[in-house]
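Comments concern the structure below.
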Amino acid sequence: MRVDKDLAFILQFENVAWFEDGVVRILDRRIYPMETEYVVCHTHHDVVKAIQDMVTQSGGPYLAASMGMVLAAHECKIKNLDKKETIAFMREAADAIANARPTTSSRMKNIVDQSYAKVIENDWHNHDALIELVKEYAIEEVSGRYSRIEKMGEQLATKVPKGGTVMTQCFAETIVGMLCRHLKLQGKEDVKFITPETRPYLQGARLTASVINDMGFDVHVITDNMPGYIMKEKKVDLFTSASDMITQDGHVINKVGTFQIAVLAHYHGIPYYVTGAPSTIHKDLETIEIEERDHNDVLTHLGKKATMDGVKAYYPAFDITPPQFCSGVITEKGIFSPFDLDSYFK
């Protein structure tokens, strides 16, 4: 049985990123659920641009990356490259895709490098065989990732009391679906969710709330300046987010806004559980680069200018939550203290 069976629409593989008929189709999460449209990529460079342009976010770029490698293999067929030329082309494609966005480049690199390894380690006889080989890896990678995330969702569900209220941040993607799946299995269908909207792309309002609603749970959207008041007023039991990166010394890098909600949760005595595996590369913050996105995104709202000419903006895409504001790191291996992530690797 497919691991994405019964999950919300935007979590099903074909609705994240999918190679078929010589193109990669990526659901445009910038406009979903108001519109359901796909960006069609004809080259791996189109995939890179789609990732950079935030067509897909959260965990979506990882499947887009592996499917981008399938598309690169298809390009080799179209160009009629020999084996040596194909290997060189696939290496260039892997490097381009891995560096589409700086903050998550190490995770992206791991995915595309494993895809590239399939190219050089296997004795494929023609481009069709290569395409099938790389696509098979892409499906194995996303299936394995979803299975690991399901273990996190199951553990996170045990921390939520029956009839409880959960506050989320941004779009934790598959973990949201898996959390809902296991809340149902644990007889907690009465759990309620509150999700801040997450300006400027509104991932919380459009994506997280859509997934929770699709999964049959009560969900309320709030603006990004409401969490402190709402936590107390609506008796929030737990705050959770995914992570774009967790350093080995316990710092959580996630969508900007996570830090302030974690601080508010700490003030109110509400536990904050982050989901994700600690990085094998980043021991501390020294090697972390926080992506600064187009400031014009902050000066507009849903494509319309919201400020006077001459007004400027800041737009860091992520922020950093220190370990003292995190109650636990939920991984596929169990729940760890952010101060003892060495145990995860042991």
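The values are calculated or read from the model by the stated rules, or taken from the named source; none is laboratory data. Bear in mind that the values here come from a model prediction, so they are computed numbers and not experimental data. Note that we place each Cβ from the backbone using ideal geometry, even for glycine, and neighbour counts take in every protein chain shown. Calculation scope for accessible area: heavy atoms of the full protein, side chains included, ligands and nucleic acids excluded. Shrake-Rupley method; radii C 1.70, N 1.55, O 1.52, S 1.80 Å.
Summary table
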item: Those trypsin sites (Lys or Arg not before Pro) in the stretch 161-204 that DSSP places in a loop and that have at most 15 other beta carbons within 10 Å; result: 162
item: Rounded if a/c under 1.5, otherwise prolate or oblate - the stretch 9-147, Cα gyration tensor axes; result: prolate
item: Cβ crowding within 10 Å averaged over residues, with 59-69, 299-309 ranked highest first; result: 59-69, 299-309
item: Separation between Cα centres of the stretch 218-285 and the stretch 29-96, rounded to whole Å; result: 31
item: Bridge type composition, the chain - antiparallel percent by DSSP, nearest 5; result: 55
item: Å³ per residue enclosed by the Cα convex hull of the stretch 246-323; result: 132
item: Heavy atoms of residue 139: accessible area, 1.4 Å probe, square angstrom to 10; result: 60
item: Within the chain, helix-based [θ] at 222 nm, where runs of 4 or more DSSP H residues each add -39,500 (n - 2.57), nearest 500; result: -12500 deg cm²/dmol
item: Label-point gap, in nm, between residue 147 and residue 129 - each point 7 angstrom along Cα→Cβ; result: 2.7
item: Accessible-area ranking of 70, 256, largest first, probe 1.4 Å; result: 256, 70
item: The stretch 159-345: antiparallel DSSP beta bridges as a percent of all, rounded to 5; result: 45
item: Segment residue 345-residue 114, extension gain: residue separation times 0.36 nm, minus the distance between their alpha carbons; result: 81.1 nm
item: Computed lengthening from residue 6 to residue 267, 0.36 nm per intervening residue step minus Cα-Cα distance; result: 90.3 nm
item: Residue 313 versus residue 87: modelled label distance in nm, points set 7 Å from Cα along the beta carbon direction; result: 4.7
item: The chain: C-alpha gyration tensor shape, a/c 1.5 cut-off, then a/b vs b/c; result: prolate
item: Partner lysines for residue 304 [C-alpha distance under 19 Å; skip if fewer than 8 residues away on the same chain]; result: 312
item: Percentage relative contact order, the chain, counting C-alpha pairs under 8 Å, at least six apart; result: 14
item: For the stretch 191-205 and the stretch 298-335, distance of Cα centres in Å; result: 12
